[in-house]
Amino acid sequence: MHQPGITQLMKTTLSGKNIVIGVCGGIAAYKSVTLLRLLKKLGAHVRVIMTLNAGAFVGPLTFEALSGLKVCSSLFANDDGDASIKHIEWAQSADAVIIAPATANMLAKLAAGIADDAVSTFLLAVTAPVLLCPSMNTHMFEHRSVQRNLKILKTDGYHILAPDSGELACGVAGPGRLPEPEIILDRFIACLTPKDMFGRKVLVTAGPTQEAIDPVRFISNPSSGKMGWAIARAAEMRGADVTLVSGPTSLSEPLNVKTIRVNTALEMQQAVWHHFEKSDIIIKAAAVSDYRPVNPKHRKIKKDRDEMILTLQKNPDILKELGKNKGERILVGFAAETEELQKNAAMKLAQKNLDLIVGNLIGPADSGFNADTNRVKFIYKDDTIETPPKMSKDAIADLLLDRILRLKASG
Ligand code: PMT
């Protein structure tokens, strides 16, 4: 299962925000404990409101210990003598809400506007974005009334995270399982991210290519895919329709992104061309091998010689070919350089007919291949150069998308 990690974007989106987790009575209620911890780790102020039935699965004390705050589970004054109307107060101060698990009962109440316990009453008073995470038995989930309620809630503007499929606690296999907390968090951030790339079709390449010498050896480079995957993920969060063509990496697949895995430059070329026509923004962060062995061997080469000569042939320059056919599309390349970053990157920008090239400094451990941070220069067609400070690859991805949107807007 792919589980997206914590990114800079998540921290920026959630730090200092008032988040309320609503927990309903379902076997998956335990996952909300981890969700609470993740949200706290990102700097959010988290409060938990729960139904009485949820308390049968996870006690309020667990949530109180982890959030450091009293849980609200009643419409009336709590044992601590606090007579404030918590569910209304919390609804008004919430920046965003997650209901996980959201039971069939809670979905029905919300769709019908019924307010008869702390969570349902709280929900009717919320004006902030709400992510509903349905979780229940498969037959219940597929029941006409639940599906009807989900449709109503979607129309009402609620964000809904589809449940995972698999074997459920009740022994039935099918949709109904609450997604892992990391996935809930990822989709929660997506709900909160402004959709300034909605309607854009973005094609991103990432990672290395591997060019076979024999079945056990290949020519490649140290690209981890982090830079390109960060771009794909950021564009998806911002509402774009994203296709990612990636060489081999060990990263977890970005959610809601069409990811095509390739090994060789020729495979990458084919996948890129297949999606080029319908894309309006193309970002090539992949480190494509410039050469591949001529006639790779089908059997493992024996090491019976002291020297071996490997004959290589040039791979097609995918980006250069795209540049010749770019039309109205925005075409962005990357250039990993150990010296004369600006000069070499600018040369590639011109040769490949790009709108923008990201010159990527290679050498320092905090930049380039496999690093989590990057040092780059944005070089534009009109010779303008921008040098952002060292940033996380997520932050660079967002900045790059900002710049691309600016280019699009300026025509
Ligand atoms: O994956 P990470 O570990 O996060 O590392 C990120 C990165 C360093 C790989 C990335 O930021 C980067 O700089 N990628 C470009 C690597 C490179 O040096 O490319 P290049 O100078 O060989 O090629 C320039 C451009 O042409 C690139 O956009 C490349 O994708 C493209 N190209 C190159 C050769 C080729 N045959 N076809 C191409 O399309």
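The values are calculated or read from the model by the stated rules, or taken from the named source; none is laboratory data. This is a predicted model, so every value here is computed, not measured. Positions of Cβ are backbone-derived with ideal geometry, glycine not excepted, and every protein chain shown enters the neighbour counts. For accessibility, only protein heavy atoms count, side chains too; no ligands or nucleic acids. Shrake-Rupley method; radii C 1.70, N 1.55, O 1.52, S 1.80 Å.
What to note about this one:
Listed here are the residues, each with its yes/no results for (1) within 15 Å of the ligand (Cβ to nearest atom); (2) at pLDDT 95 or above; (3) open to solvent by 20 Å² or more (accessible area, probe 1.4 Å); (4) within 18 Å of residue 318 (Cβ to Cβ).
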site	(1), (2), (3), (4)
204	yes, yes, no, yes
214	no, yes, no, no
221	yes, yes, yes, yes
231	yes, yes, no, yes
264	yes, yes, yes, yes
292	yes, yes, yes, yes
305	no, no, yes, no
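- With a requirement of 1 or more residues that are within 17 Å of residue 396 (Cβ to Cβ), in contact (Cβ under 8 Å) with a residue 24 or more places away in the chain and among the aliphatic types (A, V, I, L, M), the strands (runs of 3 or more DSSP E) lying completely within the stretch 201-244 that satisfy it span 201-206.
- Test: residue in the stretch 267-288 that is more than 10 Å from the ligand (Cβ to nearest atom) and in contact with a helix residue (DSSP H, G or I) (Cβ under 7 Å, 6 or more places away or on another chain): yes
- Residue check: residue 260 meets all listed conditions (1) closer than 19 Å to residue 315 by Cβ; (2) within 14 Å of the ligand (Cβ to nearest atom); (3) assigned to a strand (DSSP E or B) but one, namely (2).
- Filter pass, residue 397 being within 19 Å of residue 282 (Cβ to Cβ) and in contact with a helix residue (DSSP H, G or I) (Cβ under 6 Å, 6 or more places away or on another chain): yes
- Only residues that are touching a residue at least 24 places away in the same chain (Cβ under 8 Å), near the ligand (Cβ under 8 Å from one of its atoms) and open to solvent by less than 40 Å² (accessible area, probe 1.4 Å) were counted across the stretch 360-383, and they come to 5.
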